[in-house]
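Engineer: Sharing a structure below in structure tokens format, with a few things to ask.
What follows is calculated from the coordinates using simple rules that are stated; it is not laboratory data. It should be emphasised that the depicted structure is a prediction, and the values quoted were computed from it without experimental measurement. Heads up, the Cβs are rebuilt from the backbone with ideal geometry, glycines too, and the neighbour counts pull from every protein chain shown.
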Amino acid sequence: MATTKKATNGKTNGKAAKPAPAPRSDYKAGARVKVKRRTGVESKGIVTEVVQTLTGPFIYVNIGRKDEPNVIKARPVTVRGY
């Protein structure tokens, strides 16, 4: 005798799923952050500025040194503070 499958009506244990938090874009200049690069490597750096554009915010991060800066432009999704 086969068992029947019960309908769940889209509910799971009565708990609603929480939406993912939006990435931060309110970093101040001088904040220490980690940037996830395309290769998957995380680089530590310091925020130099945050620019708002029509397509959204960009965070400029110096992953080099003060005497040899290497500033990259990153989206807030790839940046996190530490």
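Engineer: Where is the GNM fluctuation largest for the chain (alpha-carbon springs, 10 angstrom cutoff): LYS15, LYS28, LYS44?
Structural biologist: Per the Cα network of the chain with a 10 Å cutoff, LYS15 tops the list.
Engineer: Between TYR60 and ARG32, what is the label-point separation in nm under the 7 Å Cα-to-beta-carbon projection?
Structural biologist: Between ARG32 and TYR60, the simple spin-label model gives 2.3 nm.
Engineer: Using the Cα centre as the reference, give the magnitude of the dipole from point charges on the C-beta atoms of the range 32-81 (Lys, Arg: +1; Asp, Glu: -1; all else neutral), rounded to the nearest 20 debye.
Structural biologist: Around 240 debye, computed over the range 32-81.
Engineer: Using Cα pairs closer than 8 Å and at least 6 residues apart in sequence, work out the relative contact order for the range 32-81, in percent.
Structural biologist: Value for the range 32-81: 34 percent.
Engineer: Work out the FRET efficiency for GLU42 and ALA16 from their Cβ-Cβ distance, taking R0 = 25 Å, and round it to the nearest 0.05.
Structural biologist: 0.20
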